[in-house]
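These notes are about the structure you will find just below.
The values are calculated or read from the model by the stated rules, or taken from the named source; none is laboratory data. What you see is a predicted model; the values in this text were computed from it and never measured. Cβ atoms come from the backbone with ideal geometry, glycine included; neighbour counts cover every protein chain shown. Protein only, heavy atoms only, side chains kept; ligands, DNA and RNA dropped before computing areas. Shrake-Rupley method; radii C 1.70, N 1.55, O 1.52, S 1.80 Å.
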Amino acid sequence: MDSLISELKSRIIEALNLEDLHVEDIDTNAPLFGEGLGLDSIDALELIVMMEKFYGIKLADASQGKAIFRSIATMADYIEKNRTK
Amino acid sequence: MCKNIAITGCGIIAAKQIGSAKHLCFSGFSYPVGEVDYSNKELKDMLDIPCSQLVSRTSLLGIYAVREAAANAGISTDAFGKCVLVSGTTVGGMDLTEQYWNVIDTNPSVMLQHDSGSCTDVIKQYFGFFDRATTISTACSSGANAILLGAELLATGKADIVFAGGTEALTRFHLSGFASLMILDKDVCRPFSPNRSGLNLGEGAAFVVMETAEHAQKRGAKILCYYRGGGNACDAFHQTATSPNGEGAYLAMTQALKNACLEPRDIKYVNAHGTGTINNDESEIAALKRVFGEELPIVESTKSITGHTTSAAGAIEAVICIKKMQENPSLINVMDNSFGFGGNDTSLVLSVNPSKADIIKYNNNIEIETIARSEITSEEELDDIKQFLKPTEYRRMGKILRSSLLTSLRALKESNIAVPDAIITATSLGCWNNSEAILDNIDEPKPTLFMQSTHNTIGSNIAIYLKCHGYNITYTHGRSSLQMALDDAEILIKSGKCKNVLVGLHEETTEKYRNLMKNNGVEGLKPLYSLSMVLTAKS
């Protein structure tokens with residue numbers, strides 16, 4: 001799980017062009033949207049694309065992302081349970 | 001006596017229902033669309049254009065609608081004074097570009113029809129009576145802004161007759177782009193319904209013929225209705241999402257009403273933007289309630305019939321408004337809402353009755369001066385953006401977005417202005433780096449790139465950063481774009497609508513694009529160029 005969390009952080013940095021951030025700067029349990037990293041609806045779409053590309057998870061509806069992308073921890077948990085690759 | 005703007009003709013081509021696409025030049029797209037039920041060949045046959053001639057579908061649809069509008073208004077020659085074509089389009093010749101993209105190196109001439117301005121020129125050249133043409137691209141409000149500008153050209157005496165509207169063909173580019181944003185409905189869209197779940201894209205074109213009432217009477221033209229007023233404001237919230245309280249929409253509607261000298265209770269029908277997405281409809285209702293109170297007029301979205309025709313929507317829905325007024329005499333004053341990416345929101349008011357006041361009070365004695373300017377000619381200078389923005393603020397911005405914002409911020413700083421009254425952008429090609437990246441991966445574009453691939457991304461990016469809710473428009477007509485932007489700034493300042501205007505010319509190209517254009521005999525294109533200026537009235 002720890003390696004997935006770390007992998008996820010670096011993939012998020014890449015997918016969302018968070019070039020000034022390092023893996024260790026991202027708090028695993030902090031909110032990704034609004035406060036915390038301050039991500040928005042387009043970032044959520046990029047995270048959906050990323051989950052499909054690397055973990056074979058396809059979301060039918062963008063609104064499902066809300067609960068999954070609450071924090072790195074919730075995201076890692078969802079990927080762990082639903083990954084197909 | 002006030003100068004009333006009359007509408008004396010209209011032409012329209014759009015889908016009559018949402019369904020499966022039949023004429024798209026690619027397969028595998030499963031969402032329903034509002035497609036015009038003619039193939040390109042059928043359109044060319046109807047328009048007497050040789051089948052072998054390469055013409056974008058955007059231009060074909062535009063020609064069809066302009067021809068119908070001209071016939072409706074009784075115009076077939078250039079005997080009626082200075083005649084100007086104002087067209088709104090964003091897709092432009094993308095339908096051709098994407099078809100040829102894999103073999104574009106051996107077909108570079110296709111690129112000569114790619115940009116929106118050249119699509120308008122194809123329409124202009126088909127008819128013999130246009131003195132000049134202008135192209136506006138504010139994404140889904142382009143057609144409405146074309147009509148708003150058309151009225152101002154007439155009111156300020158810069159034109160005698162204006163054909164204003166919009167045209168847009170369905171393309172793989174924006175179909176898959178909207179799919180990447182996950183806002184397409186798999187069924188027929190249901191705007192304003194509690195169970196709505198997205199939009200259907202559509203295509204089409206519509207143009208209205210506008211002239212002063214005096215001019216119409218002199219040539220014996222029948223007046224269909226009057227253009228009473230328009231409002232253009234920027235939501236300045238997000239490139240794709242609308243603000244929860246619909247600030248931009250609220251400002252556009254209230255300005256249009258004021259311009260029309262009407263009270264909210266005078267409006268009996270609103271043709272809403274009403275795309276059918278959760279976000280748009282919620283924020284549009286919030287804005288409508290702020291304008292009209294709890295007792296709304298009839299609010300309708302016709303996008304469940306035509307689909308969302310993007311740049312053509314404002315014009316198509318203006319023509320629908322005119323037909324509604326003709327069918328139902330109790331509809332004296334109607335409103336047409338169109339909201340675009342980047343929060344480019346425009347509202348128009350049409351009426352059976354002429355106005356009591358001019359839509360513009362133009363003072364030609366006011367002189368304009370440029371009080372600040374900033375230029376960027378190379379990529380190396382972009383690092384300076386760090387002086388103004390945090391990395392999280394510019395992380396998504398491509399080169400042209402950084403250079404346009406940086407030159408704007410420098411020019412505003414030099415002129416001691418925090419937020420300008422208006423932002424006017426000129427660009428012939430828009431965000432080409434992003435467009436090319438999408439063309440290279442057309443079935444699965446990155447949402448971030450698609451969100452930032454329209455011409456008006458540049459101007460709205462500046463507005464979002466500055467929280468500038470003022471007038472915001474983008475001209476995209478080749479090398480004439482900057483002059484058009486400056487002419488518009490002059491209208492804003494001389495009419496007293498704005499004290500200062502931020503005007504910018506922003507261009508970016510890739511090596512591939514420059515090589516293609518070199519083969520077309522176009523040399524000297526730069527990888528990056530930005531010029532921002534602040535204009536005010538001379539004191």
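Within the range B:334-353, being touching a helix residue (DSSP H, G or I) at 6+ places or on another chain (Cβ under 9 Å) and either of a type in the set (Gly, Ala, Ser) or open to solvent by 10 Å² or more (accessible area, probe 1.4 Å) (or both) holds for B:SER338, B:PHE339, B:GLY340, B:PHE341, B:GLY342, B:GLY343, B:SER347, B:SER351, B:VAL352. For the range B:170-192, filtered to residues that are charged (D, E, K, R) and in a loop (DSSP other than H, G, I, E, B), the residue that is farthest from B:SER301 (Cα to Cα) is B:LYS186.
For the range B:1-13, the candidate set comprises residues that are at pLDDT 90 or above and open to solvent by 30 Å² or more (accessible area, probe 1.4 Å); within that set, the residue that is farthest from B:GLU152 (Cα to Cα) is B:ILE12. Out of (1) under 23 Å from B:ALA260 (Cβ atoms); (2) open to solvent by 10 Å² or more (accessible area, probe 1.4 Å), what's the single condition that is false for B:ILE161? Single failed check for B:ILE161: (2). Checking each residue in the range B:435-460 for being surrounded by 22 or more Cβ atoms within 10 Å (Cβ to Cβ) and either aliphatic (A, V, I, L, M) or within 13 Å of chain A (Cβ to nearest Cβ) (or both) picks out B:ILE438, B:PRO445, B:PRO447, B:THR448, B:PHE450, B:MET451, B:GLN452, B:SER453, B:THR457, B:ILE458. Scanning the range B:323-348 for residues that are in a loop (DSSP other than H, G, I, E, B) and either closer than 15 Å to B:ILE7 by Cα or within 24 Å of the chain's Cα centre (by Cα) (or both) yields one hit, B:ILE332. Residue under question is B:THR77, and the condition is that it be crowded, with 23+ Cβ neighbours inside 10 Å, hydroxyl-bearing (Ser, Thr, Tyr) and assigned to a loop (DSSP other than H, G, I, E, B); does it hold? It is false that B:THR77 is crowded, with 23+ Cβ neighbours inside 10 Å, hydroxyl-bearing (Ser, Thr, Tyr) and assigned to a loop (DSSP other than H, G, I, E, B). For the range B:5-33, a residue qualifies if it is touching a Cys at 6+ places or on another chain (Cβ under 9 Å) and closer than 17 Å to B:ALA206 by Cα, and the qualifying residues are B:ALA6, B:ILE7.
Going through (1) surrounded by 18 or more Cβ atoms within 10 Å (Cβ to Cβ); (2) in contact with a Leu (Cβ under 9 Å, 6 or more places away or on another chain); (3) closer than 30 Å to B:SER197 by Cβ one by one, A:GLU80 falls short only on (1). Tell me whether the range B:178-186 contains one or more residues that are more than 14 Å from chain A (Cβ to nearest Cβ), touching a Phe, Trp or Tyr at 6+ places or on another chain (Cβ under 6 Å) and either surrounded by 24 or more Cβ atoms within 10 Å (Cβ to Cβ) or on the phi < 0 side of the Ramachandran plot (or both). No, the conditions are met nowhere in the range B:178-186. Return the residue satisfying two criteria in turn: it lies in the range B:187-204 and is of a type in the set (A, V, I, L, M) and open to solvent by less than 20 Å² (accessible area, probe 1.4 Å), and of such residues it is farthest from the other protein chains (Cβ to nearest Cβ). Ranking the qualifying residues of the range B:187-204, first place goes to B:LEU201. Every listed requirement among (1) modelled with pLDDT of 95 or more; (2) more than 27 Å from B:THR138 (Cβ to Cβ); (3) among the hydroxyl-bearing types (Ser, Thr, Tyr) is met by B:SER76 save one, (1). Selection over the range B:354-397 of residues that are open to solvent by 60 Å² or more (accessible area, probe 1.4 Å), within 14 Å of chain A (Cβ to nearest Cβ) and either hydrophobic (A, V, I, L, M, F, W, C) or without any contact (Cβ under 8 Å) to a residue 60 or more places away in the chain (or both) gives a count of 4.
Note on chain A: enclosed helices (runs of 4 or more DSSP H) holding 3 or more residues that are more than 13 Å from every other protein chain (Cβ to nearest Cβ) and over 23 Å from B:PRO445 (Cβ atoms) are A:2-15, A:72-82. If you take the residues of the range B:41-67 that are within 18 Å of B:PHE129 (Cα to Cα) and open to solvent by 70 Å² or more (accessible area, probe 1.4 Å), which of them is farthest from the chain's Cα centre (by Cα)? My answer is B:ASP48.
Applying the set (1) in contact with a Phe, Trp or Tyr (Cβ under 8 Å, 6 or more places away or on another chain); (2) at pLDDT below 95; (3) not charged (D, E, K, R) to B:GLY128 leaves exactly one unmet item: (1).
B:GLY28 meets each of the listed conditions (1) at pLDDT 95 or above; (2) surrounded by fewer than 18 Cβ atoms within 10 Å (Cβ to Cβ) apart from (1).
In this entry, B:TYR38 is excluded by the filter for residues that are in contact with a helix residue (DSSP H, G or I) (Cβ under 6 Å, 6 or more places away or on another chain) and open to solvent by 50 Å² or more (accessible area, probe 1.4 Å).
Among residues belonging to the range B:398-425 that are farther than 20 Å from B:SER481 by Cα and of a type in the set (S, T, N, Q), point out the one that is surrounded by the fewest Cβ atoms within 10 Å (Cβ to Cβ). Among residues in the range B:398-425 that are farther than 20 Å from B:SER481 by Cα and of a type in the set (S, T, N, Q), the one surrounded by the fewest Cβ atoms within 10 Å (Cβ to Cβ) is B:ASN416.
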